[in-house]
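The structure appears below as structure tokens.
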Amino acid sequence: MSGAALGIEIVFVFFLALFLLHRYGDFKKQHRLVIVATLLAWYLCFLIVFILPLDVSTTIYNRCLARNSFSPVTINTSQFAATTTVAAVDNVSRPQVDKNALRSADNAPPQECYKPWSYIPKGIMPIFWRVVYWTSQFLTWILLPFMQSYARSGGFSITGKIKTALIENAIYYGTYLLIFGALLIYVAVNPKLHLEWYQLQTIGIAAANTWGLFLLVLLMGYGLVEIPRSHWNGAKKGYLLMKTYFKAAKLTTEKADAEENLEDVMEEVRKVNESIKYNHPLRKCVDTILKKCPTEYQEKMGRNMDDYEDFEERDVSYPSEKMLVKLHKQVIYAVQRHRRTQVQWRILLEQAFYLEDIAKNETSATRQFVHTFPPQESESWFSRHFYTPTIEWYWECLLHPWCSRILAVVLGIVSAVVVWSECTFFSTKPVLSLFAVFIQQAERTYNYIYIEVACFLTIFFLSICVYSTVFRIRVFNYYYLASHHQTDAYSLLFSGMLFCRLTPPLCLNFLGLTHMDVSIAHQNTEPTAYTSIMGSLRVLPLIADVFYIYYPMLVVILCIATYFSLGTRCLNLLGFQQFIGDNDMTSDLTDEGRELIRREKRKRQRLEDGETRRREWKERYSNNREDTSRNRNVHAEQKEPSYTEMTTSRSSKYTRANNRSEKDRIELLQDAEPLDFNADTFTDDPLDSESGRYQPGGRYLSMSTSNSRIFDDV
């Protein structure tokens, strides 16, 4: 099993990242480089979260071997030297470390070390973490910001897009260099510190982690409260329905704004399309813009194109290439926003209809879930055989609310443990961090399964609190992760950039909570492979002893602010409508959303009724046609008249009955357009195809080509 767990998790995490990216991105329409870069960023971040528990269990086993190596019975000089080297990095004198280690080894008998099932051989994890960490840092600070600006750029050439991306990313690069330069000056001025390559590397890592930890605490403080509260409110179907009505009202406004914005942008495109014709040098740029427009607008703009007009003689002010670049960027954003709001509106309607169905079915006597509208997608095999209407009623009306409440209570307790540990993890004697207590208790019994499961659940919960907040962030609709393949390239790259910046400080914070970080636990033991790659922060005491210790305590203030919805109320005061129960604006928007949902429901019902009636009429008349054709066949078999009789009867019947109608039709044709008396031949029958009056293709004389010469009329 050595290394097998690592390989299995590497493959599993890849498919997990691919599944999430498929849910939010669009593999068919978005550029391959955007998909690959975002997938790589998500994959590396998820990989750190899943592999770190294996690093913890392996480190605990290596510490056991190191303790036994100091015993009088067996001494391993190489491990002893490695331990003293780690102590020297932490600015502790080597002789004292040796004496203390030997004293503790003389007093403590050697213990039997049990090898974990997921043990990773030495030398693999440092290389693995080095590749993962520096690749993620290259993505988040260099490649992803550049691709983000490149994807949103409206340039028509690769050179123009690269130039725009470099100019826009100068701010990001400048921020990072400013932090790095300040720390570099601090180390250079301090006479006790000497600059070396290892210290420069540590300064760069510290600068990146400082930026990430600053944002990490903000996102974690929101997620620790909002995730348990969302599950608790999920048990209240009435609350969810009111919130859905509120979202419908807001989304309607956003959808109308997106449609108006698209109309305005398409009007600008139409003007540019009419001014820049085929003989203009910028016509290729206009064609590129037209390809990004919706199909219906392309058809409208392509109808009135005159290819034969001489446009060089007209005095027209042509737009510049810079204006076309700006227009191209506006078209990309407007089309993406319009498509996203349309899809979100359909999803919100389905959610509202389903919540209304739950409210109606709660008082059902038959205890079978009845849908107002049939599901648009075909039912799966599981739904047909197991998730029956009865099972659906018991789950949605009885079990689901209680399960949501129980899950909310459990998550609330875990959030309280995280907040307590964030405020007390720096205390080593006594150990106050509950996560450190759990890991140390399991370490005494070498219960590696419990250690890995506890570490994974802890870091997974912290990741959910942070990442879910990232997925919920909306920055003025400029950055927004939307499911059902509606996330644009800019937002996908921005999310990958945030994940790469938040994951390393998140893992360091987790190791600090569990006292697996030797710089925080103040232990002269073997560090984890992850912290050995991250480097010792003793070269920067200000960050290691102050910022990393006391800044996470601010999570308490953020949790209190989130619990009382202070941020939501501030946004509401600033004009950004938020769902607040005791607010008049919220009530008005909820009523408006309810009316909108009713209107859409009536429209859907009319469509369903029309489809039902059309289907019934089609079935009825198809059956009547079959009966009529069957009767005709039987009658034909009973009596088959001769060809002469059929011709005589048919001609006599239609000649007498339709004689007047034929004359009327001929007179109408004669009145519609006078006959061409200059034609070479003339017949009395106005419907004769050779007379030039009516062509077999349905074209009249004025629309057909004349066989006579042009100047005959003259």
Problem - Any hit, the range 460-472, residues being of a type outside the set (D, E, K, R), closer than 28 Å to W117 by Cα and touching a His at 6+ places or on another chain (Cβ under 9 Å) - result: no
Handout entry: Search result, residues across the range 404-453 that are open to solvent by less than 50 Å² (accessible area, probe 1.4 Å), of a type in the set (S, T, Y) and within 18 Å of N62 (Cβ to Cβ)
Key = Y446, Y448
Practice task
Go through the residues of the range 368-390 one by one and say whether even a single one is of a type outside the set (G, A, S) and in contact (Cβ under 8 Å) with a residue 60 or more places away in the chain.
Solution key: yes
Completion exercise
The lone condition G238 fails out of (1) crowded, with 21+ Cβ neighbours inside 10 Å; (2) within 19 Å of R405 (Cα to Cα); (3) out of contact with any helix residue (DSSP H, G or I) (no Cβ under 6 Å at 6 or more places or on another chain) is (1)
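The values are calculated or read from the model by the stated rules, or taken from the named source; none is laboratory data. All figures in this text were calculated on a predicted structure; none of them were measured in a lab. Virtual Cβ from ideal backbone geometry, glycine too; neighbours counted across all protein chains shown. Ligands, DNA and RNA are excluded from the accessible area calculation, which covers all protein heavy atoms including side chains. Shrake-Rupley method; radii C 1.70, N 1.55, O 1.52, S 1.80 Å.
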